[in-house]
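Written below as structure tokens is the structure these notes are about.
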Amino acid sequence: MCTMAPGLEEIAKEELAEKLNSPNITETGRGKVFFHGKYHLEEFCRLSCVDNIYMVVSRMFVGTRKQDLEQLYDHIKKLDFSEAKRFLGIQDKPEIIVSASKRGKQTYSRFDLSAYVTDLLVSTGKFVAGDIGKHNFPIRVDVDINTCILSVQLTTADFRFRGSNYGYMPGGIRPTIAAALIRVSKPDKADVFYDPFCGAGTIPRERARIQNRRILASDINPDAVVCTKNNLPGNIKVFQCDARNMKVKDNSIDVIVSNIPWGKQIEVESIAELYTDFFHEAGRVLKDKGRIVILTDREEIVECAEKRGFRISRKAVVSLHGLLAGVYFIQK
Ligand SMILES: C[S@@+](CC[C@H](N)C(=O)[O-])C[C@H]1O[C@@H](n2cnc3c(N)ncnc32)[C@H](O)[C@@H]1O
């Protein structure tokens, strides 16, 4: 099972099909895609749009009352974790941490669920309880109404954050979401790429992971420019400028991908004015047939883009920080 921001399932499926050797995609849930196949960790490392990958160990029935958790007892006690242990290279007793989620009306909480499964696994004598700072076998239990899925997390936070050394700016997105935006932009190795609202540079950083001709990144905020410079390889041109007056030549850019301000974490006087002025400039700097991918929760984007003569369509709606944001594909 792999997980992603809810709304990006189809984009993740496309990436799985392209980058893994014949994955048999069996099911899609909210923020989850299930697939079968035998893979090594290095193969998973090719995936950019998914947050985590899990080995599903079991799917069980469970009732909705707290006492029904006992129904899991016999089943979980007999589970075979040897394949997950082998994958993670664990020979001794795994140190577990159990996280839980649930959907539906149950009389138990997700904390009851994780505590029950932790105690049960430790009682078998085959596991020891770890904690958030020290564990080597993260287990996840998801209950959806009456179905309980138990899985072992195979990837670490480094997988989705691409390491821990990157600076952050307000309004930043996860690298996996940036990668999904880039996938929607249909990247080509001959592209000149530009993010004019780069923040900490997450989007250009993801673009730099795949072949490109040239990457430009700018932001109005000088702190963001410094942060992006520190976060990106030196061959990327990073500069300060207002996206309403880009310091970029006419007809020089193939593709713009940006997480444009939404007027929440980044204050903006008038979103409609900013978007309209940005599209005016984008029309100038983009080559003919140039394309734009924008992430925003502001619906004004459609009118602002159309006003400047662009064709715009919404490709996905992503759930982020409790808000729903559209992924828009826009053509000159
Ligand atoms: C949503 S954030 C981008 C976050 C970025 N994608 C990341 O992951 O870090 C929007 C950025 O737009 C910048 N911004 C706001 N108004 C701008 C303008 N008129 N021109 C250029 N950048 C602007 C802000 O400084 C902020 O860094």
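How about residue 66: which lysines have a C-alpha closer than 17 Å to its C-alpha, ignoring those fewer than 8 places off in the same chain?
Reachable lysines: 102, 105.
Return one number: the angle in degrees, 0 to 90 and rounded to the nearest 10, between the long axis of the Cα atoms of helix 271-285 and the longest principal axis of the Cα atoms of the chain.
Compared with the principal axis, the helix lies near 70 degrees.
What is the angle, in °, between the Cα long axis of helix 222-231 and the longest principal axis of the Cα atoms in the chain? Nearest 10 is fine, range 0 to 90.
Helix 222-231 sits roughly 60 degrees off the main axis of the chain.
Return 142, 74 ranked ascending by Cβ neighbour count within 10 Å, so the fewest neighbours appear first. Can you show the working numbers first?
Numbers: 142 23, 74 9.
Final ranking by Cβ density, sparse to dense: 74, 142.
Mean-square fluctuation check for the chain, GNM, Cα pairs under 10 Å: which of 173, 132, 271 is largest?
Maximum fluctuation in the GNM of the chain, among the listed residues, is at 132.
Would you work out if segment 2-159 is rounded, prolate or oblate? Take a ≥ b ≥ c from the square roots of the eigenvalues of the alpha-carbon gyration tensor; rounded if a/c is under 1.5, else prolate when a/b is larger than b/c, oblate otherwise.
On the way: a/c = 1.96, a/b = 1.32, b/c = 1.49.
The shape class here is oblate.
If you average 1/r across every pair of different Cα atoms in the chain and take the reciprocal, what Kirkwood value do you get, in Å? Write down the numbers at each step before the final one.
Numbers: mean 1/r = 0.0461 Å⁻¹.
Radius from the Kirkwood sum: 21.7 Å.
Would you look at the GNM of the chain, springs on alpha carbons closer than 10 Å, and say which of 252, 319, 164 moves the most?
164
How big is Rg to Rh over segment 182-332, alpha-carbon atoms, Rh as the Kirkwood inverse-mean-distance radius?
Details: Rg = 14.1 Å, Rh = 15.3 Å.
My calculation of the ratio gives 0.92.
Quick one: of 189/315; 264/289; 19/287, which pairs are farther than 26 Å apart, Cα to Cα? Before the final figure, lay out the partial values.
Details: 189/315 22 Å; 264/289 32 Å; 19/287 30 Å.
Listed pairs above 26 Å: 264/289; 19/287.
Between residue 65 and residue 101, what's the calculated FRET efficiency when r is the beta-carbon distance and R0 is 22 Å? Round to 0.05. Could the numbers behind the result be given before it?
Numbers: r = 18 Å, r/R0 = 0.83.
E between residue 65 and residue 101, to the nearest 0.05, is 0.75.
How do 78, 66 rank when sorted from fewest to most other Cβ atoms within 10 Å of their own Cβ? Numbers along the way, then the final one.
On the way: 78 9, 66 14.
By the 10 Å Cβ count, ascending: 78, 66.
Taking only Cα atoms and a 10 Å spring cutoff, compute GNM fluctuations for the chain and point out the largest among 282, 180, 208.
Highest fluctuation of the listed residues: 208.
Quick one: if the Förster radius is 35 Å, what FRET efficiency do residue 272 and residue 186 give, using the C-beta to C-beta distance and rounding to 0.05?
On the way: r = 28 Å, r/R0 = 0.80.
Calculated value: 0.80.
Simple spin-label model, 7 Å along Cα-to-Cβ: residue 331 to residue 45 in nm?
Distance between the two pseudo-spin positions: 3.8 nm.
How much of the DSSP bridge set in the chain is antiparallel, in percent, rounded to the nearest 5? Let's see the in-between values first.
Values: 38 of 63 bridges.
Around 60 percent of the beta bridges assigned by DSSP in the chain are antiparallel ones.
In nm, to one decimal, how far is the modelled label at residue 111 from the one at residue 264, with both set 7 Å along Cα→Cβ?
With each label placed 7 Å out from Cα toward Cβ, I get 2.6 nm.
Provide the percentage of antiparallel DSSP beta bridges, counting only those with both residues in segment 162-331; round to the nearest 5.
50 percent
Report, to the nearest 10°, how far helix 175-184 tilts away from the longest principal axis of the Cα atoms in the chain, using its own Cα long axis and a range of 0 to 90°.
60 degrees
Give the order of 55, 4 when sorted by the count of other beta carbons within 10 angstrom, beginning with the fewest.
On the way: 55 14, 4 27.
Result, fewest neighbours first: 55, 4.
Evaluate the distance, in nm, between pseudo-label points positioned 7 Å from the Cα of residue 319 and of residue 77 along their respective Cα→Cβ axes.
3.6 nm
Just to be sure I follow the definition: excluding the sites themselves, where is the longest run in the chain that has none of the GluC sites (Glu not before Pro) in a DSSP loop with at most 14 other Cβ atoms within 10 Å? Don't skip to the answer; put the middle values down first.
Working: sites that count: 267, 269, 299.
By the stated rule (loop sites, at most 14 other Cβ atoms within 10 Å), 1-266.
We did not get these values from a lab; they are worked out from the coordinates using the rules stated. Since this is a predicted model, take the numbers as computed values, not measurements. Cβ: placed from backbone, ideal geometry, glycine included. Neighbour counts: every protein chain shown.
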